[in-house]
Every structure is written in C-alpha cells, then in structure tokens.
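Take a look at the structure below.
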C-alpha cells in the first residue's frame, strides 16, 4: 500500500497539479485516518475498511472539536484515495462513496442595528462638501434600498427618477428591477447632484451618478468600501463594516418592521426565496437575544 500511496501523491502532483500545501494536507489526513482505523483493529487495512468506519472517524473528528468545515477536507482526501485505489484495482469496493460530508453551518449575515444607523444618518454630521454630500447619499441609498455595491456604482443619471422617487437597477444576470426612494433619500440625492453639477462643470460628460471630485470619473469599489467602513466606524465597533453589511441591514430592518418575505426578495433582486429566508434567521436570533435579556425566567 505504501507504493500505491506514493503513486497517489504523484498522481495529485503531476496529473492534477495540486499544490504542495494541498499534498501535505492530503497526506496528513490519510495518515490520520489510517491511525484511526488501526486503533480500532490492528488487522484492519485499506482493503477491509467499511463505510461505518469512515462515518465513525467523522464522528470522532467532530467530537474532538473539529467543525464541519475542518472535517470536510479530510473526508475529501479519503474519498479521493479510495477512488484512486478502486481504479487501480487495489480495493473491490469504495467504502467512502456513500458517506456524506457533515453540513457546514452558514454564518448569519452581519448587520448594523437600526439605532446605530439612525444615529449615523440623523445625528452625526457629514461635511458640507462635495464628498460629504456624496458619501452620505451613497450610504443612505445602500441602507434605504438594499442595493449591492456593484449596483449602486453602476448607476447612471438616467437610472434615477427623482420626480417619481424611484431608481432602476440592473442586478445579477442583467435582471432589472425598480426600487422606491424614500423622501429623505430623494432630498439627499438632489443635494448631491447640485454639488455634482458644480464639480463636473466644463468637464467631459460622465453619465455615472456617483463620481470622484477630482477626476469626475465613476467611483470605484475600493473607494466605496473605505467610505462605508469609515462611516460605520463612527457608530459601531463591529469588525464587518462593508457595503454588503448595509444590504444585510436593509433586509433585516425590513423584516423586523413587518415587511413580507416576498417583497424583500423583490427589492433585493434575489432569484430564490431561500436566499432571502436567511434574514428570517437573523431576526429570530435577535429576537431570542432580546427574549433572554428581558424574560424574568431566562
């Protein structure tokens, strides 16, 4: 079996072009599995391992403190080796074939609390400059509409209808949707657009809604990320302070204030209701936290 193991490593290195780091990880996982089944029965070999042994190894790893994310790559290494052995005729049955990997728990989306966003947008001042007006308009729009970063950066002047208080957004797979604009946001965008006209006066026509003051060119994602991070740092110590957090905050606030799931799905531009449903878990976790804090028997 040692020769087959060396052949397997060579196969991964030269035919599959796996990195040396992956090869080390695979080797470590296979040796750990071998030590495990030998600890169960010294006479057991790769040829006599059963599916139950593979499953019990997974349970052993989980019991030892590994997460599902840590177990999955180890199981993947064992599965790959057994497939290799089966092709070489070294085993007659692949015991790992029907073994499912443990499900990875999906982390709940990070979001900013409503009180913190209200403080940022209502109580804290943004500079009365071009950048101050632009930055507040961008942050307000992200939080008020739930748009993705790419969507807000892709907006053109023609996409914003301030008279009818709506914006036309092109999302993933070029799917278009209309999102209403709150009266407060309409006022902020109007203020920004006055500053935009002054900045771009005499420069080549730029159709992008949000632009840089010096160049007049469309704002790029790295700049938006810095704008959002710096603004959110004024109201939260949360480590996640990206534009996407504002999208999560929008969805969470909508559901917390009795919006139905289907409406939030349409506003976010999700293709599946399952994607939107993760925010119901977020709001439920928040509800549990408040319940445990408030109930006298908790």
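The values are calculated or read from the model by the stated rules, or taken from the named source; none is laboratory data. Model, not experiment: these values are computed from the prediction. With ideal geometry, Cβ positions are generated from the backbone for all residues, glycine too; neighbour counts draw on all protein chains shown.
Being modelled with pLDDT under 95 and touching a helix residue (DSSP H, G or I) at 6+ places or on another chain (Cβ under 9 Å) is true for just one of 152, 112, 139. Which residue is that? So the residue among 152, 112, 139 that is modelled with pLDDT under 95 and touching a helix residue (DSSP H, G or I) at 6+ places or on another chain (Cβ under 9 Å) is 112.
If only residues of segment 265-283 that are touching a helix residue (DSSP H, G or I) at 6+ places or on another chain (Cβ under 6 Å) and free of Cβ contacts under 8 Å to residues at least 40 places away in the same chain are counted, the one that is surrounded by the fewest Cβ atoms within 10 Å (Cβ to Cβ) is 273.
When the residues of segment 155-178 are filtered to those that are part of a loop (DSSP other than H, G, I, E, B) and free of Cβ contacts under 8 Å to residues at least 40 places away in the same chain, the one that is surrounded by the fewest Cβ atoms within 10 Å (Cβ to Cβ) is 163.
With respect to residue 92, is the statement that it is assigned to a loop (DSSP other than H, G, I, E, B), surrounded by fewer than 19 Cβ atoms within 10 Å (Cβ to Cβ), at negative phi and over 30 Å from the mean Cα position of the chain (by Cα) true? First the steps, then the outcome.
Numbers: assigned to a loop (DSSP other than H, G, I, E, B): yes; surrounded by fewer than 19 Cβ atoms within 10 Å (Cβ to Cβ): yes; at negative phi: yes; over 30 Å from the mean Cα position of the chain (by Cα): yes.
Judged against the criteria, residue 92 is a match.
Pairs linking a residue in segment 179-208 that is more than 22 Å from residue 169 (Cα to Cα) to a residue that is modelled with pLDDT under 95 and buried (at least 17 other Cβ atoms within 10 Å of the Cβ), with Cβ atoms under 6 Å and 6 or more positions apart or on different chains, are 200/216; 203/216.
The test for being surrounded by fewer than 12 Cβ atoms within 10 Å (Cβ to Cβ), farther than 30 Å from residue 216 by Cα and out of contact with any strand residue (DSSP E or B) (no Cβ under 8 Å at 6 or more places or on another chain) does not hold for residue 74.
What residue, of 19, 69, 39, 25, is exposed (fewer than 12 other Cβ atoms within 10 Å of the Cβ), out of contact with any strand residue (DSSP E or B) (no Cβ under 8 Å at 6 or more places or on another chain), farther than 21 Å from residue 86 by Cβ and in contact (Cβ under 8 Å) with a residue 24 or more places away in the chain? After ruling out the rest, the residue left standing is 69.
Does residue 98 qualify as being exposed (fewer than 14 other Cβ atoms within 10 Å of the Cβ), touching a residue at least 40 places away in the same chain (Cβ under 8 Å) and out of contact with any strand residue (DSSP E or B) (no Cβ under 7 Å at 6 or more places or on another chain)? Explain how you work it out, then say what you get.
On the way: exposed (fewer than 14 other Cβ atoms within 10 Å of the Cβ): yes; touching a residue at least 40 places away in the same chain (Cβ under 8 Å): yes; out of contact with any strand residue (DSSP E or B) (no Cβ under 7 Å at 6 or more places or on another chain): yes.
For residue 98, the condition - exposed (fewer than 14 other Cβ atoms within 10 Å of the Cβ), touching a residue at least 40 places away in the same chain (Cβ under 8 Å) and out of contact with any strand residue (DSSP E or B) (no Cβ under 7 Å at 6 or more places or on another chain) - is met.
Only residues that are within 18 Å of the chain's Cα centre (by Cα), surrounded by fewer than 15 Cβ atoms within 10 Å (Cβ to Cβ) and closer than 22 Å to residue 128 by Cα were counted in segment 227-263, giving 1.
Based on what the data block shows, is residue 147 in a helix (DSSP H, G or I), crowded, with 18+ Cβ neighbours inside 10 Å and within 24 Å of the chain's Cα centre (by Cα)? It is false that residue 147 is in a helix (DSSP H, G or I), crowded, with 18+ Cβ neighbours inside 10 Å and within 24 Å of the chain's Cα centre (by Cα). Looking only at residues of segment 1-16 that are more than 35 Å from the chain's Cα centre (by Cα) and exposed (fewer than 11 other Cβ atoms within 10 Å of the Cβ), we find that the one that is modelled with the highest pLDDT is 6.
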